[in-house]
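**Q** Before I ask anything, here is the structure I am working with.
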Amino acid sequence: MPRFVHNPVLLAEVVSALRPKAGGRYADGTLGGAGHAVAILRASSPSGWLCGCDRDGAALEAARERLAEFAGRFEIRLGSFAELAEWVAEESCDGVVLDLGVSSPQLGDPQRGFSFLQDGPLDMRMDTRQPLTAAELVNTSSADDLAKLFWQLGGERQARYFARAIEGARPIRTTRQLAEVIERLAPRAGRRTHPATKVFQALRLAVNDELGSLKRGLTAAWTILKPGGRLAVITFHSLEDRIVKEFGRELARDYTFEGMVDVPELRLPCEPRARWANRKAIVPGEAELAANPRSRSAQLRVLEKI
């Protein structure tokens, strides 16, 4: 299994946004290789404290090793950031960071089944304790359900075409088998991105309930954040970014309304609960893009709790 590498995206920008200080308390809901956590603990020396979690057991072990120099100043657990409020005290943290990207080691390990670049079991689970795998989705879902999944979670324009072909090629057990089904229908022919990219994204999001976890995780992060504290979220595709923006907009509004529809004439004034630290999303600079091409789709949004 490849080691978790420590190349966190938008590292300097996250540290600047969270403004770590001695005695501060912070949470990292997506520890990975602990790159953000290390930077936060260093910037909050000598007495800053950090709690963290990750759904991936291998990531957690890598983080534990990387954080050894900060012994006594951190607590980490195996689990989802959606559960942060279950073990971190309400309004106890000065800053929270969520980095929603898939790590290089996860993509690089064929046995995890995240990538079509190497052959491996069609798995895609962030947490190997969970029962649902990509193979189960691919082999038991109807063509209509697969098409809906590929379109809604991947934005794949040929969703129905691919879904019918997959249904006819089952059973499909490996990443290479699935990629080849799609390649036969849509040859790469010099295209920049692989034709299976959106299908693999959709399956990964579905297997791990990533959008549902994000919605619950944002609420949990806000619950543990102190007034004046900041929530920094790094997203990697438009579905995630839309959820973060909607979450922030609702908190930053100076009005509320009853029911499901916002009718301007029926709005009720209220105090905003948050403000955006930056008007626009922060994106990687040229130096980071050159060093880490996978960061090209990253966007950082920062909310401050009022």
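**Q** Can you pull out the residues in the range 105-140 that are of a type in the set (Ser, Thr, Tyr) and crowded, with 18+ Cβ neighbours inside 10 Å?
**A** Within the range 105-140, the first condition is being of a type in the set (Ser, Thr, Tyr), and the residues that meet it are 115, 128, 133, 140.
Once the filter is applied, which keeps residues that are of a type in the set (Ser, Thr, Tyr) and crowded, with 18+ Cβ neighbours inside 10 Å, the range 105-140 yields SER115, THR133.
**Q** Looking only at the range 200-213, filter to residues that are hydrophobic (A, V, I, L, M, F, W, C) and over 16 Å from ALA147 (Cβ atoms); which one of those is surrounded by the most Cβ atoms within 10 Å (Cβ to Cβ)?
**A** Quick first cut of the range 200-213, residues hydrophobic (A, V, I, L, M, F, W, C) only: 200, 202-203, 205-207, 211.
When the remaining residues are screened for being over 16 Å from ALA147 (Cβ atoms), the result is 207, 211.
Numbers: VAL207: 22, LEU211: 16.
Top of the filtered list is VAL207.
**Q** Hey, any hits in the range 247-262 for a residue that's surrounded by 13 or more Cβ atoms within 10 Å (Cβ to Cβ), at pLDDT below 95, in contact with a Phe, Trp or Tyr (Cβ under 6 Å, 6 or more places away or on another chain) and more than 21 Å from ASP54 (Cβ to Cβ)?
**A** no
**Q** Would you confirm whether any residue within the range 242-255 is farther than 17 Å from ASP99 by Cα and in contact (Cβ under 8 Å) with a residue 40 or more places away in the chain? Let's see the steps before the verdict.
**A** To start, the set of residues in the range 242-255 that are farther than 17 Å from ASP99 by Cα comprises 246, 249-255.
Of the ones still in play, those that are also in contact (Cβ under 8 Å) with a residue 40 or more places away in the chain are 251-252.
Yes.
**Q** OK, next. Got a sec? Which of ARG157, ARG173 is of a type in the set (D, E, K, R), within 25 Å of the chain's Cα centre (by Cα) and surrounded by fewer than 22 Cβ atoms within 10 Å (Cβ to Cβ)? Explain how you work it out, then say what you get.
**A** Working: ARG173 fails: within 25 Å of the chain's Cα centre (by Cα).
Answer to the selection: ARG157.
**Q** How many residues, within the range 166-200, are in a helix (DSSP H, G or I), under 22 Å from GLN118 (Cβ atoms) and either without any contact (Cβ under 8 Å) to a residue 24 or more places away in the chain or polar (S, T, N, Q) (or both)?
**A** Looking only at that region, the number is 9.
**Q** If you don't mind, there's one more thing I want to ask. Considering only the range 59-104, state which residues are among the aliphatic types (A, V, I, L, M), crowded, with 22+ Cβ neighbours inside 10 Å and more than 30 Å from LEU203 (Cβ to Cβ).
**A** Selection gives VAL88 alone.
**Q** Now for a separate question. Any idea which residue in the range 202-217 is farthest from ALA163 (Cα to Cα), counting only those that are without any contact (Cβ under 8 Å) to a residue 60 or more places away in the chain and in contact with a Phe, Trp or Tyr (Cβ under 9 Å, 6 or more places away or on another chain)?
**A** LYS215
**Q** Could you check HIS36 against (1) without any contact (Cβ under 8 Å) to a residue 60 or more places away in the chain; (2) touching a Pro at 6+ places or on another chain (Cβ under 7 Å); (3) not in a loop (DSSP other than H, G, I, E, B) and say which number it fails?
**A** (1)
**Q** Mind listing whichever residues of the range 254-301 are assigned to a helix (DSSP H, G or I) and of a type in the set (Asp, Glu)? Give the steps one after another, and end with the answer.
**A** Of the range 254-301, the ones assigned to a helix (DSSP H, G or I) are 264-266, 286-291, 293-297.
Within the range 254-301, GLU265, GLU286, GLU288 qualify.
**Q** Output the helices (runs of 4 or more DSSP H) that fall wholly within the range 71-144 and possess 2 or more residues being over 17 Å from the mean Cα position of the chain (by Cα) and at pLDDT 95 or above, or say none.
**A** Working: elements: 84-87, 104-108, 134-140.
In the range 71-144, the matching helices (runs of 4 or more DSSP H) lie at 84-87, 134-140.
**Q** Considering each of THR235, THR197 in turn, give the residue that is under 30 Å from ALA12 (Cα atoms), of a type outside the set (A, V, I, L, M, F, W, C), crowded, with 21+ Cβ neighbours inside 10 Å and touching a helix residue (DSSP H, G or I) at 6+ places or on another chain (Cβ under 9 Å).
**A** Values: THR197 fails: crowded, with 21+ Cβ neighbours inside 10 Å.
Just one listed residue meets the conditions, THR235.
**Q** Go through the range 64-82 and count every residue that is small (Gly, Ala, Ser) and over 24 Å from THR219 (Cβ atoms). Walk me through it before giving the result.
**A** Taking the range 64-82 first, the residues small (Gly, Ala, Ser) are 68, 71-72, 79-80, 82.
After this cut, where a residue has to be over 24 Å from THR219 (Cβ atoms) as well, the list is 68, 71-72.
Of the residues in the range 64-82, 3 are small (Gly, Ala, Ser) and over 24 Å from THR219 (Cβ atoms).
**Q** Would you check which residues across the range 46-70 are in a strand (DSSP E or B), out of contact with any helix residue (DSSP H, G or I) (no Cβ under 6 Å at 6 or more places or on another chain) and over 21 Å from ARG129 (Cβ atoms) and list them?
**A** Correct list: TRP49 only.
**Q** Can you tell me which condition LYS21 does not meet? The list is (1) assigned to a helix (DSSP H, G or I); (2) more than 28 Å from PRO293 (Cβ to Cβ), and all the others hold.
**A** (1)
The values are calculated or read from the model by the stated rules, or taken from the named source; none is laboratory data. This structure is a prediction, so every number in the text was calculated from the model and none was measured. Positions of Cβ are generated from backbone atoms using ideal geometry, with glycine treated the same way; all protein chains shown enter the neighbour counts.
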